[in-house]
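Scroll down for the structure; my scribbles are underneath it.
Read the figures in this text as sums done on the coordinates, not as results from a lab. Bear in mind the structure is a predicted one, so any value in this text is a computation, not a measurement. FYI the Cβ positions are ideal-geometry reconstructions off the backbone, even for glycines, and counts take in every protein chain you see.
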């Protein structure tokens, strides 16, 4: 079952690096801290997300309108692509931790699926938990420490652009350290755990290891090919008011890996708890 999930762990870190190159009267560090703190304070979001992900060599498109509550994480999404009318609902602490899916097509029966399970993760770069912008903040410290010595040489502010009628910073990141390397599975039970430990994307690991059939098809001592970082190159537009990336392109050694476009963005809109219920008016579960 397809699910659109938000992306790009590395972008916040390199965005943070990039902000150091801007001239804010010597207050770049304070502005960077404000960015991280500001993202963490946001409680709710609404947006239209169009995403393109490279799946088995082809760019696959999905599009949905989403409502998000950050803490605890609650998600509602209504798709127009690939299936018009498909819905997904996830509410923390409910439904035994499963997501409710209205497939919008045959067999016309609601499904309750594990967000990290094989069905929901099939041909998906990210899991539902990556919808929340705060999901990415946890990776900042690791990446800052890793590239602290040469970060300023990896990013460039190209100027300002308009995105969805809003002013944004245009940021380019090039990572000369990006490479593939060997990794020996330790006590991890899934590629999801491996990716979390390495701070990379689990779908990338799955696609690089043809002898692994799914995210849970690994065992201790197994050799895997993994990327050492999330991206080789990135392009992003950062909303100047909200300090949120509203357009992101991520590249690996083969080219464009994923592309996310956020439009109709609302930050901290009033979203009632009833809107994360299957019985909410207008939903078709």
Determine which single condition residue 188 fails, assuming it passes every other condition in (1) over 19 Å from residue 258 (Cβ atoms); (2) part of a helix (DSSP H, G or I).
-> (2)
Within segment 162-178, the count of residues that are surrounded by fewer than 16 Cβ atoms within 10 Å (Cβ to Cβ), more than 12 Å from residue 147 (Cα to Cα) and in contact with a helix residue (DSSP H, G or I) (Cβ under 8 Å, 6 or more places away or on another chain) comes to 0
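Would it be correct to say that residue 224 is surrounded by 15 or more Cβ atoms within 10 Å (Cβ to Cβ) and either in a loop (DSSP other than H, G, I, E, B) or in contact (Cβ under 8 Å) with a residue 24 or more places away in the chain (or both)?
On the way: surrounded by 15 or more Cβ atoms within 10 Å (Cβ to Cβ): yes; either in a loop (DSSP other than H, G, I, E, B) or in contact (Cβ under 8 Å) with a residue 24 or more places away in the chain (or both): yes.
When the stated conditions are applied, residue 224 passes them.
Here is a check on your reading of the model: is residue 100 farther than 15 Å from residue 119 by Cβ and in contact (Cβ under 8 Å) with a residue 40 or more places away in the chain? Don't jump to the end; show me each part of the working.
Details: farther than 15 Å from residue 119 by Cβ: no; in contact (Cβ under 8 Å) with a residue 40 or more places away in the chain: yes.
In short, no.
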Unmet criterion (only one of (1) within 18 Å of residue 121 (Cα to Cα); (2) not in a loop (DSSP other than H, G, I, E, B)) for residue 210 = (2)
Residue count, segment 240-262, condition surrounded by 15 or more Cβ atoms within 10 Å (Cβ to Cβ) and in contact (Cβ under 8 Å) with a residue 24 or more places away in the chain, comes to 16
From 83, 75, 109, which residue is farther than 25 Å from residue 212 by Cβ and crowded, with 20+ Cβ neighbours inside 10 Å?
-> 75
